[in-house]
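Colleague: For reference, the structure I am asking about is given below.
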Amino acid sequence: MLSVYDQKPWQKAYPKWLPKTLAFSEETILDRFCDSVSRYPDDPCICYFGKTYSYKEINQMAVSVCSGLEQSGIVKGDRVIVLMQNIPQAVIASIAVWMLNAVVVPLNPMYTVEDLNCYLKDCGARFFFCQDELYEEKVKAVIGKRKDVGVVVTSPLDLLGKNVEIPKQFKPKVESAFPGTRDFVDLIKEIPDEKKYDRYKPGPEDLAYLVYTSGTTGPSKGAMIRHRHVVHNATVFEKACRLDRNDVVLGVAPLFHITGIVAHVAIAFHMGIPFVLFGRFDADEVLRLIEKHNVTFTTAAITVYIALLNHPDPGSFDLSRFKKAYSGGAPISPNTVDRFRKTFGQTIYNVYGLTESTSPATITPLGMEGPVDQESGALSVGLVVPGHEAWIVDVDDPEKEIKTGQAGELVLRGPGIIDGYWERSKETANAIKDDRFFTGDVAKIDEQGWCYIVDRKKDLINASGFKVWPREVEDVLYRHPGVNEAAVVGVPDAYRGETVKAFVSLTKDHRGKITPDDLIAFCKKQMAAYKYPRIVEIIEEVPKTITGKFLRRKLRE
């Protein structure tokens with residue numbers, strides 16, 4: 001077992017801050033937000049293109065939305081789906097949900113109707129917050145004639161302010177009302193008494209989120225993220241990244257992803273500092289906003305940094321204050337870090353986490369240089385976060401612990417680790433034993449405590465930080481009448497870190513008549529944008545084991 005207290009780099013970096021036990025937070029993320037409202041009411045909370053909202057203004061809107069939820073019958077423990085891009089309404093809706101001690105279920109707007117049906121059925125949500133362009137296309141189809149699921153619809157333009165140029169990524173607002181729904185703008189016009197909601201406030205053990213993840217064992221499961229998990233790891237980021245009241249957070253990771261939840265929203269509320277939102281990612285817009293708002297910190301997938309490097313004129317932007325750039329969600333190469341340093345004069349710090357670890361499980365403290373593993377060439381993902389314990393165990397025999405410096409499955413325990421999946425006792429028992437979470441990732445930890453992720457135990461594909469289960473893609477391919485066999489793997493990709501590749505054999509009467517592009521287009525119509533295969537290779541037969549299982553390792557090779 002490795003304890004953080006044994007890590008010499010941590011002791012050197014933060015001798016005055018190392019929790020002496022596996023300490024659990026006594027506060028909630030709502031407590032941290034309310035404290036910031038009380039202490040810094042007029043300070044900026046959310047910067048959204050040309051509009052900035054103070055902590056007091058965000059709180060007032062959240063209270064109004066909370067009143068609307070209460071009128072709709074939402075009570076403690078109810079699940080509320082938030083289906084939005086990175087816009088202020090996603091944050092305001094979440095705060096409002098917590099004010100009633102209900103649970104936020106953040107979902108990817110790219111999900112299909114079929115996806116959303118599955119999630120709605122699994123979590124039993126009673127309410128949707130969604131963007132206007134998603135209602136007719138998806139949400140209305142999912143809800144059907146049900147009267148027990150309420151909906152609030154909003155436009156990304158609603159909180160842009162008056163007389164501003166509409167960002168090119170947004171569609172014009174749908175002016176006509178959607179029957180059976182409520183409008184976000186109408187909700188925030190109400191001014192209820194915010195003190196009446198004090199009696200509903202959650203405790204540290206209450207659920208803040210259900211975040212769906214493919215995890216290590218296949219189909220999506222709702223990771224039960226408690227308030228104490230979020231607050232603990234916001235504190236980890238604060239200390240490891242040396243954040244203070246002068247920092248500004250770039251909200252580049254999706255707010256439906258655990259990174260956006262903890263490394264953007266929670267950190268800002270915890271510190272009482274602003275964060276910058278801008279809908280969907282656009283490299284030119286991001287560089288402009290980093291300069292405009294003097295951004296100092298973010299955590300983003302490496303694809304974000306590569307996109308910034310690929311900008312036609314990256315040197316024309318002033319990123320001198322952007323000194324706390326962290327990357328997680330996908331492997332990063334030392335060469336990319338070197339390119340970023342040469343171009344922008346700043347380094348990229350590595351961090352590793354999972355939904356089940358509530359974002360950071362290991363992190364590189366600010367000012368430290370993560371070493372490179374000589375054997376695998378992997379850049380260290382940092383040190384195990386304070387308050388946690390880590391084990392490296394034999395992949396085939398989890399009862400057997402591996403010696404320092406050798407590779408095996410990474411196992412974690414601590415106050416950031418979830419205690420289960422929503423109504424999935426079997427999956428919970430498979431992944432969490434004696435409070436120890438088996439990550440499914442193959443790693444090694446050296447004598448100094450530096451951790452390296454060197455392989456995956458399972459076949460999960462990690463494309464730009466989004467998780468794709470091969471079976472999902474294969475099932476869609478099998479719907480095509482010309483597909484005989486389909487096997488999907490993740491392959492290295494310079495931009496996405498890893499991308500989806502499908503090996504397909506065709507039926508006899510379709511051979512020579514179907515092209516890889518035909519199959520890619522077929523999948524693209526039926527899957528979320530990050531899931532469909534970018535590469536299809538047509539082969540005679542998919543290689544298999546004696547028992548008929550696909551040899552994915554051979555396909556990767």
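Colleague: Taking 0.36 nm per intervening residue step and subtracting the Cα-Cα distance, what contour gain separates K524 from D396 on full extension?
Modeller: This chain segment gains 42.4 nm when fully extended.
Colleague: Right, another one. Count the DSSP beta bridges whose two residues both fall in the chain, then state the antiparallel fraction as a percent rounded to the nearest 5.
Modeller: Percentage antiparallel, nearest 5: 60.
Colleague: Can I ask one more? Evaluate the charge dipole of region 27-106 about its Cα centre and quote only its size in Debye, nearest 20, assuming +1 on the Cβ of each Lys and Arg and -1 on the Cβ of each Asp and Glu.
Modeller: 160 debye
Colleague: Now, a different point. I need to check one value: relative contact order of region 35-178, counting alpha carbon pairs closer than 8 Å and at least 6 residues apart, in percent.
Modeller: 21 percent
Colleague: Considering only protein heavy atoms and a 1.4 Å probe, what is the carbon-and-sulfur percentage of the accessible area of the chain?
Modeller: 48 percent
Colleague: Then there is this: Return the distance in nm (one decimal) between the two label points of a simple spin-label model at K554 and E26, each offset 7 Å from Cα along Cα→Cβ.
Modeller: 6.0 nm
Colleague: In percent, how large is the relative contact order of the chain, given Cα pairs closer than 8 Å and 6 or more residues apart?
Modeller: Here the relative contact order equals 14 percent.
Colleague: By average Cβ neighbour count within 10 Å, what is the ranking of 162-175, 254-267 from highest down?
Modeller: 254-267, 162-175
Colleague: D183 versus T515, label points 7 Å from Cα toward the beta carbon: distance in nm?
Modeller: Calculated label separation equals 4.7 nm.
Colleague: Given region 209-361, what count of lysine pairs have C-alpha atoms under 19 Å apart, with each pair 8 or more places apart or on different chains?
Modeller: Lysine pair count for region 209-361: 6.
Colleague: To continue, here is another question. Could you tell me the accessible area of D244 in Å² (1.4 Å probe, neighbours in place), rounded to the nearest ten?
Modeller: Accessible area of D244: about 60 Å².
Colleague: Would you work out the charge dipole size for the chain about its Cα centre, treating the Cβ of every Lys and Arg as +1 and the Cβ of every Asp and Glu as -1, and quote it to the nearest 20 debye?
Modeller: Dipole about the Cα centre, nearest 20: 300 debye.
Colleague: Could you point to the label whose value was computed as semi-axes √(5λ) of the Cα gyration tensor in Å for the structure here, given (i) 47, 38, 22; (ii) 39, 32, 20; (iii) 34, 31, 24?
Modeller: Entry (iii).
Colleague: I need to check one value: relative contact order of region 201-267, counting alpha carbon pairs closer than 8 Å and at least 6 residues apart, in percent.
Modeller: That works out to 27 percent.
Colleague: Specify which residue in the list F437, P192, V249 is farthest towards the positive end of the charge dipole of the chain, using unit charges on the beta carbon of Lys, Arg (+1) and Asp, Glu (-1), about the Cα centre.
Modeller: Checking the options against the dipole of the chain, the answer is P192.
Colleague: Under a Cβ-only charge scheme (Lys and Arg +1, Asp and Glu -1), can you give me the dipole magnitude of region 408-513 about the Cα centre, in debye to the nearest 20?
Modeller: Here region 408-513 has a charge dipole of around 420 debye.
Colleague: How do the peptides 476-484, 367-375 rank, highest first, by the average count of neighbouring beta carbon atoms within 10 Å per residue?
Modeller: Going by the mean number of other Cβ atoms within 10 Å, highest first, we get 476-484, 367-375.
Colleague: Same structure again: Need the full-extension length gain, S320 to R471, defined as separation in residues times 0.36 nm minus the C-alpha distance. One decimal, nm.
Modeller: 49.9 nm
Colleague: Keeping all protein chains in place and using 1.4 angstrom, which order do D459, D434, D78 fall into by accessible surface area, from largest down?
Modeller: D434, D459, D78
Colleague: Can you give the accessible area of V149 in Å² (nearest 10), computed on protein heavy atoms with a 1.4 Å probe?
Modeller: 10 Å²
Colleague: Taking a ≥ b ≥ c as the square roots of the Cα gyration tensor eigenvalues, with a/c under 1.5 meaning rounded and otherwise prolate when a/b beats b/c, else oblate, which class fits region 92-235?
Modeller: It comes out oblate by the Cα gyration axes.
Colleague: Taking 0.36 nm per residue of separation and subtracting the Cα-Cα distance, what length does fully extending L157 through E541 add?
Modeller: Fully extending the segment from L157 to E541 adds 133.2 nm.
Colleague: Let me ask something additional. Of K51/K168; K140/K171; K403/K544, which ones are farther than 25 Å apart at the Cα?
Modeller: K403/K544
Colleague: Using a/c under 1.5 as the rounded threshold, could you call region 213-283 rounded, prolate or oblate? The axes a ≥ b ≥ c are square roots of the C-alpha gyration tensor eigenvalues, and prolate needs a/b larger than b/c, oblate otherwise.
Modeller: Because a/c hits 1.5 or more and a/b fails to exceed b/c, region 213-283 counts as oblate.
Colleague: Calculate the spin-label point distance for V454 paired with N117, positioning each point 7 Å from the Cα along the beta-carbon direction, and give it in nanometres.
Modeller: Each label point is offset 7 Å from its Cα along the Cβ direction, giving 4.5 nm.
Colleague: Exactly which trypsin sites (Lys or Arg not before Pro) in region 20-84 are in a DSSP loop and have at most 13 other Cβ atoms within 10 Å?
Modeller: Listed in order of number, the matching sites are K20, K76.
Colleague: Hey, if you put +1 on the Cβ of every Lys and Arg and -1 on every Asp and Glu Cβ in the chain, which of V174, T336, N163 ends up farthest toward the positive end of that dipole?
Modeller: Going by the Cα projections, it comes out as V174.
Colleague: Restricting attention to region 479-546, which chymotrypsin sites (Phe, Trp or Tyr not before Pro) occupy a DSSP loop and are surrounded by at most 14 other Cβ atoms within 10 Å?
Modeller: Y495
The values are calculated or read from the model by the stated rules, or taken from the named source; none is laboratory data. Note that the coordinates shown come from a computational prediction; the quantities given were computed from them, not determined experimentally. So basically every Cβ, Gly included, is an ideal-geometry build from the backbone, and we count neighbours across all protein chains shown. Heavy atoms of the whole protein, side chains included, go into the accessibility calculation; ligands, DNA and RNA do not. Shrake-Rupley method; radii C 1.70, N 1.55, O 1.52, S 1.80 Å.
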